[in-house]
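Below is one structure, written out as structure tokens; comments come after it.
A short reminder: the numbers here are calculations on the coordinates, not readings from a lab. Everything numeric in this text was worked out from a predicted model, so none of it was measured. All Cβ positions, glycine included, derive from the backbone under ideal geometry; neighbour counts span all protein chains shown.
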Amino acid sequence: MKDFDTCSVFEACCVIFNDPSLRVITETPLTGGCIHQTSLITLQGHPTTPLRKIVLKQAQNRHLATDLIAEANSLLALRAVKRSLLKTNHAAALQYLKIPKPYGTSSHHNYLLLEYLAPKTTTTPTQIRSNETYFAAALATLHQFKDWHQITTDKDPELPAALKTHLANLTAQSFGWYENPYLKPHKKFAPPKSKWIDFFKEYRLIPLLNSTYKDNLLPLTLRKKADLLLKHLHQYLPPPSHASIVHGDLWSGNVLTLPDDATALIDPAVHLSHHETDLALSELFGKRPPIFYSTYQKYFPSAPGYASRVPLYNLYHLLNHLHLFGKSYLPSIAHILSTYP
């Protein structure tokens, strides 16, 4: 990944495609995130050359540009894990999973340039079933990865030295990440926690509870219920066998089906956590078809009681949406806090 610190977006595109004759043909807004402006840039050089397409994510200011760097590192980490797994016997499960390549960032101009993966526009029920089956197998395979030493010893030219150094410090019991993913607000994720329940409480729930209460979004009665839940949380959420690399924001809008029937993961907020947290979020905003969940369980079975844990995993995301979008999420939060303990 390149550092385009002083380059304009156009100059960076010419470098990426190694074509100084490129000209911008169109710039089309893309739907998705609510924090950054995302668009598809179409370029062409000589009239006989094919069109080039690239995704531009633009931050509103330099402070938010750090989120784009975190996103780029998330994508690089996922791509590195996939490459490492492909060297083992997991090639079949991962051949239909794609993760866009981050070409580079500019902290001066506040942008991130990404590989464009065009989504499929139409699909049949049979294709959906096939796509979901492949995606579930691939996600379960990613979640089972834990050999960080192997990644850091591989000669991987795509992995920046700084990121490789950070990954070298991870273990199968490291819950967290070396930097904050771009879901805010958060306490810094470093140093990682050795117990997942401590990570979930101290790095996920408590910062959001403090923030929403401070902003008068969470009533005192619910804050008291939340504090009581925190004391008993370990009774409801057993530890995983190991820390899994999770997408971190796996709602339906961040999962694309491609024309070749592969699945692409976009907009990650990668960290090491309980693998069930990705599954739980996939049920919250646009639940996937049943075949996805049944296939996943074949590859990476959950401990008994998964369904009862889903609301607790998603409490974090509901609090985050309360913080970002307001009190329409309060009834769902109140229901969870009234159910446990």
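Given (i) 1.08; (ii) 1.02; (iii) 0.97, which label gives Cα Rg over 2.2 N^0.38 Å as computed from the coordinates?
Label of the calculated value: (ii).
I'd like the distance separating the alpha-carbon centroids of region 158-174 and region 92-133, in whole Å.
23
Shape call for region 44-89 from the C-alpha gyration tensor, a ≥ b ≥ c root eigenvalues: rounded (a/c under 1.5), prolate (a/b greater than b/c) or oblate?
Because a/c hits 1.5 or more and a/b fails to exceed b/c, region 44-89 counts as oblate.
Tell me, what ³J(HN,Hα) does each residue in region 126-143 have, in order and in whole Hz, if you take phi through Karplus 6.51 cos²θ - 1.76 cosθ + 1.60 with θ = phi - 60° and put x for Gly and Pro?
Running phi through 6.51 cos²θ - 1.76 cosθ + 1.60 with θ = phi - 60° gives 5, 5, 4, 4, 5, 4, 5, 5, 5, 5, 4, 5, 5, 5, 4, 5, 4, 5 Hz.
Which shape class, rounded, prolate or oblate, goes with region 254-341 when its Cα gyration tensor gives a ≥ b ≥ c as root eigenvalues, a/c under 1.5 marks rounded, and past that a/b bigger than b/c marks prolate?
oblate
Rank Ile291, Ile41, Ile25 by mean-square fluctuation in a GNM of the chain with C-alpha springs under 10 angstrom and give only the top-ranked residue.
Taking springs between Cα atoms under 10 Å, the residue moving most is Ile25.
Non-local amide H neighbours of Tyr103 (under 5 Å, H modeled in plane, Pro and chain starts lacking H): which ones?
Residues meeting the criterion, in which the H sits 1.01 Å from N, are Leu113, Leu114, Glu115.
Give the order of Cys7, Cys13 when sorted by the count of other beta carbons within 10 angstrom, beginning with the fewest.
Cys7, Cys13
Just to be sure I understand the model, the point goes 7 Å from the Cα along the line to the Cβ. What's the resulting Tyr299 to Thr31 distance in nm?
The answer from the label model is 2.7 nm.
Set the Förster distance to 30 Å, then compute FRET efficiency between Glu158 and Ala307 from the Cβ-Cβ distance, nearest 0.05.
E(calc), rounded to 0.05, equals 0.20.
Return the sequence-ordered ³J(HN,Hα) values of region 6-19 in whole Hz as given by the Karplus equation 6.51 cos²θ - 1.76 cosθ + 1.60 applied to θ = phi - 60°, using x for Gly and Pro.
Whole-Hz 3J(HN,Hα) from phi for region 6-19: 9, 7, 6, 4, 4, 4, 5, 4, 4, 5, 4, 8, 6, 8.
Report the extension gain between Lys214 and Gln235 in nm, rounded to one decimal, defined as 0.36 nm multiplied by the number of residues separating them, less their alpha carbon distance.
Here the answer is 4.8 nm.
Along the Cα→Cβ direction, 7 angstrom out, place labels at Thr42 and His335. What is the inter-label distance in nm?
Placing both labels 7 Å along Cα→Cβ, they lie 4.3 nm apart.
So, in nm, how far is label Asp147 from label Leu258 when the simple model puts each one 7 Å beyond its Cα toward the Cβ?
2.4
At a Cα cut-off below 22 Å, give the lysines reachable from Lys287, other chains included and same-chain residues fewer than 8 away excluded.
Lys98, Lys120, Lys298
In terms of the Cα gyration tensor, with a ≥ b ≥ c the square roots of its eigenvalues, is region 98-187 rounded because a/c is under 1.5, prolate because a/b exceeds b/c, or oblate?
Oblate.
Taking θ as phi - 60°, what are the ³J(HN,Hα) couplings along region 110-124 by the Karplus curve (6.51, -1.76, 1.60), each to the nearest whole Hz, with x for Gly and Pro?
Once θ is set to phi - 60°, the couplings for region 110-124 become 6, 9, 10, 10, 10, 4, 8, 10, 6, x, 6, 8, 9, 7, 9 Hz.
Which residues among region 299-341 fall inside the zone where the amide N is under 18 Å from a point 7 Å beyond the Cα of Gln60, along Cα→Cβ?
Once the point is set 7 Å along Cα→Cβ of Gln60, 320-327 turn out to lie under 18 Å by backbone N, inside region 299-341.
As a footprinting exposure proxy, order Trp196, Trp251 by other Cβ within 10 Å, with the fewest listed first.
Ordered from fewest to most neighbouring Cβ atoms within 10 Å, Trp196, Trp251 come out as Trp251, Trp196.
So what's the back-of-envelope 222 nm ellipticity for the chain, counting only DSSP H runs of four-plus at -39500 (n - 2.57) apiece and dividing by all residues, rounded to 500?
Rounded to the nearest 500, the figure is -13000 deg cm²/dmol.
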